[in-house]
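Enquirer: Let me give you the structure first, and then I'll get to my questions.
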Amino acid sequence: MNKELLTDIVEWDVKNWSKAINYWQENVDFSRKDIVGLELGGNKGGLSLWLAKNECNVICSDLNSPEEKAKVLHEKYKVTEQIRYKAIDATNIGFKNEFDIVVFKSILGGIAGNGKNELMQQTINEIYKSLKPSGVLLFAENLESSKLHQVIRKHFVSWGARWNYLKYKDIDTLFSQFEEVNHRTVGFFGTFGRTEKQRNFLSSFDAVFDQLIPKKKKYIVYGIAKKKK
């Protein structure tokens, strides 16, 4: 995948968050030609673009329809024929046994903001219902991470105080209804960059020190959760 495409898909701290894309690409079978996917929290539609490039038919969704922003990106890559746009509340998706793939990146903390922990689980429950038997959820989410991350987010990130960061210890419970869950963690320094150039530089240290930093101290978790047959 070329650098421009990967940047358009991931947008932010590309070196770290793109680990999720690489992992999904290696572990999801895209050989079928009738795969139906749903992106939640689509905004600019990067993950819908990725699914469409894998020849999936996709609903690109957000709380309000993301069409105005996302269609610009999708037209750039000539994948608009494979994508529909829809306003979907992730806590009340409204589909049952509909999708082969549901994908999201960094939405749970916003949905469950200001301590509304129940909405995080409600979102995952809704995703489970919307998936076909044996369907997969591809997830990438911000973790609570270290005390240093928590302090800096609270004081220097505009939404940091209200964002409800997922705790590493809660991952197993959150996805417990799925038949199989595999996840990885990545990133510590990268998030401290104020520009993408800085994040790119700092994420180089993440690659070097990855094995030394405890999983619960990293700031991204990504993985695949498979629904029962």
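Enquirer: Please enumerate the residues belonging to the stretch 62-86 that are in contact (Cβ under 8 Å) with a residue 60 or more places away in the chain and open to solvent by 90 Å² or more (accessible area, probe 1.4 Å).
Expert: Across the stretch 62-86, the qualifying residue is only 76.
Enquirer: Tell me yes or no: at least one residue of the stretch 87-105 is over 24 Å from residue 226 (Cα atoms) and touching a Ser or Thr at 6+ places or on another chain (Cβ under 7 Å).
Expert: yes
Enquirer: If I filter the stretch 98-146 down to residues being within 18 Å of residue 216 (Cα to Cα) and over 16 Å from the mean Cα position of the chain (by Cα), which single residue comes out as surrounded by the most Cβ atoms within 10 Å (Cβ to Cβ)?
Expert: For the stretch 98-146, the residue satisfying everything is 145.
Enquirer: Next question. Go through (1) open to solvent by 90 Å² or more (accessible area, probe 1.4 Å); (2) within 18 Å of the chain's Cα centre (by Cα); (3) among the basic types (Lys, Arg) for residue 19 and report which single condition fails.
Expert: Checking residue 19 against (1) open to solvent by 90 Å² or more (accessible area, probe 1.4 Å); (2) within 18 Å of the chain's Cα centre (by Cα); (3) among the basic types (Lys, Arg), the one that fails is (1).
Enquirer: Continuing with the same structure: Hey, among 180, 118, which residue is touching a Lys or Arg at 6+ places or on another chain (Cβ under 6 Å), free of Cβ contacts under 8 Å to residues at least 60 places away in the same chain, of a type outside the set (A, V, I, L, M) and more than 23 Å from residue 46 (Cα to Cα)?
Expert: Only one candidate passes the filter, namely 180.
Enquirer: Still on this structure, please answer the following. Are there any pairs with C-beta distances below 6 angstrom linking a residue in the stretch 12-37 that is on the phi > 0 side of the Ramachandran plot to a residue that is part of a helix (DSSP H, G or I) and open to solvent by less than 90 Å² (accessible area, probe 1.4 Å), with the two at least 6 apart or on different chains, and if so which?
Expert: 13/190; 13/199
Enquirer: Now for a different question. Kindly check whether there is at least one residue in the stretch 148-170 that is closer than 21 Å to residue 16 by Cβ, at pLDDT 95 or above, touching a strand residue (DSSP E or B) at 6+ places or on another chain (Cβ under 9 Å) and not hydroxyl-bearing (Ser, Thr, Tyr).
Expert: Taking every residue of the stretch 148-170 in turn, at least one turns out to be closer than 21 Å to residue 16 by Cβ, at pLDDT 95 or above, touching a strand residue (DSSP E or B) at 6+ places or on another chain (Cβ under 9 Å) and not hydroxyl-bearing (Ser, Thr, Tyr).
The values are calculated or read from the model by the stated rules, or taken from the named source; none is laboratory data. Everything numeric in this text was worked out from a predicted model, so none of it was measured. Cβ coordinates were reconstructed from backbone atoms using ideal geometry, including for glycine residues, and neighbour counts include every protein chain displayed. Keep in mind that these areas ignore ligands, DNA and RNA; they rest on the heavy atoms of the full protein, side chains included. Shrake-Rupley method; radii C 1.70, N 1.55, O 1.52, S 1.80 Å.
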